[in-house]
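Participant: Pasting a structure here, questions to come.
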Amino acid sequence: MTFSIGRYLIAGALLIPFGRLHAENHAAIAARLQSADNANVLDDATLQPWHLKVSFQLFDAKGKPTEQGTLEEWWAGQDKDKRIFTSPSYTATEIQTKDGLYRSTGVGAVPERLDIVRQQVVHPMPSKEDEAGAKPVLRRWNFGKVQLDCIMLSLPIEDGTPAPLGLFPTYCLGHDKDTLRASFNFGSLVIMRNSLGVFQSRTVATDITAMMNNVTVLSSHVEKLEGMALPDADFLPGTGLKKYQISFMLVPKRREGPYGD
């Protein structure tokens, strides 16, 4: 896939010129990204079952608070995962089983901002699908007095122009460390991991702030994260849940906007 850079050069401080940055060997960078994945995710088969509760605050397009809500999750493996989203605009239960994903009947997919709330705690690193076809590029970024190692999953641009940092999905780690401190995407969405903790040897963001075009769109706080014995019965879809059918399209699916569906 090739991108035209003109479509993404939007106003903001996230797009940093290539000439001010540093790049290294792509294989070594990919290995660094994998090491960071191992250090920052909770949905790993090597971890013991856990229970998570996160509170969040959403904001409107002008940065004014709108609604609050919670995410609660019980995890015992890739096919034993129960999530409950509760907010004024969206409430749903999801259960991932070996037979597929079940969701509250009549409820649509999780809105993008609520998905970010979960993603930033459970799996803030890119998926294999995100990495497919991309070339990882390492660039050093001075964030105030803190130097970060930022890895961008770069894609080719039509005219061969080097992509500025933040044009494509970018993951900023502590200098020479595997701790994820920030991430941003397409020059407009930036996620700051303001407070960090450790759970079962994994680094967890306990407080995050997400901004779109320099306007805060959400903040979240981990209220509880604990190990817990979870019996199989906890992951049986009950009444009121329906199996979610995944449909495939030949054209890219439009992502939900940062301010709702």
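Yes/no per residue for (1) of a type in the set (D, E, K, R); (2) crowded, with 21+ Cβ neighbours inside 10 Å; (3) modelled with pLDDT of 95 or more:
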residue	(1), (2), (3)
175	no, no, no
188	no, no, no
193	yes, yes, yes
196	no, no, yes
199	no, no, yes
207	yes, no, yes
213	no, no, no
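Participant: Filter segment 48-85 down to residues that are farther than 16 Å from residue 208 by Cα, among the hydroxyl-bearing types (Ser, Thr, Tyr) and in contact (Cβ under 8 Å) with a residue 24 or more places away in the chain, then give me how many there are.
Facilitator: Residues meeting the conditions: 0.
Participant: With (1) surrounded by 17 or more Cβ atoms within 10 Å (Cβ to Cβ); (2) at pLDDT 90 or above; (3) not basic (Lys, Arg) as the list, and residue 221 as the residue in question, which single condition is left unmet?
Facilitator: (1)
Participant: Still on this structure: Are there any pairs, at least 6 apart or on different chains, whose C-beta atoms fall under 6 Å, with the first in segment 86-100 and without any contact (Cβ under 8 Å) to a residue 60 or more places away in the chain and the second among the small types (Gly, Ala, Ser) and not in a loop (DSSP other than H, G, I, E, B), and if so, which?
Facilitator: Close Cβ pairs satisfying both conditions: 86/69; 87/69; 92/104.
Participant: Can you name the number of the only condition in (1) under 21 Å from the mean Cα position of the chain (by Cα); (2) surrounded by fewer than 21 Cβ atoms within 10 Å (Cβ to Cβ) that residue 167 fails?
Facilitator: Of the numbered conditions (1) under 21 Å from the mean Cα position of the chain (by Cα); (2) surrounded by fewer than 21 Cβ atoms within 10 Å (Cβ to Cβ), the odd one out for residue 167 is (2).
Participant: Anything in segment 213-236 that is more than 14 Å from the chain's Cα centre (by Cα) and assigned to a strand (DSSP E or B)? List them, or say none.
Facilitator: Across segment 213-236, the qualifying residues are 215, 216, 217, 221, 222, 223, 224, 225, 226, 227.
Participant: Within segment 45-76, restricting attention to residues that are crowded, with 16+ Cβ neighbours inside 10 Å and acidic (Asp, Glu), which residue is nearest to residue 122 (Cα to Cα)?
Facilitator: 73
Conditions (1) assigned to a strand (DSSP E or B); (2) at pLDDT below 95; (3) within 22 Å of residue 223 (Cα to Cα), marked per residue:
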position: 27; (1), (2), (3): no, yes, no
position: 31; (1), (2), (3): no, yes, no
position: 42; (1), (2), (3): no, no, yes
position: 53; (1), (2), (3): yes, no, yes
position: 68; (1), (2), (3): yes, no, yes
position: 83; (1), (2), (3): yes, no, yes
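Participant: Can I ask one more? Kindly indicate whether residue 94 is under 19 Å from residue 226 (Cβ atoms), part of a strand (DSSP E or B) and of a type in the set (D, E, K, R).
Facilitator: So residue 94 does not fit the description; no.
Participant: Same structure, new question: Can you confirm whether residue 206 is part of a strand (DSSP E or B), closer than 30 Å to residue 98 by Cα and either in contact with a His (Cβ under 7 Å, 6 or more places away or on another chain) or not charged (D, E, K, R) (or both)?
Facilitator: yes
The values are calculated or read from the model by the stated rules, or taken from the named source; none is laboratory data. Everything numeric in this text was worked out from a predicted model, so none of it was measured. Here Cβ is always computed from backbone atoms with ideal geometry, including for glycine, and neighbour counts include all displayed protein chains.
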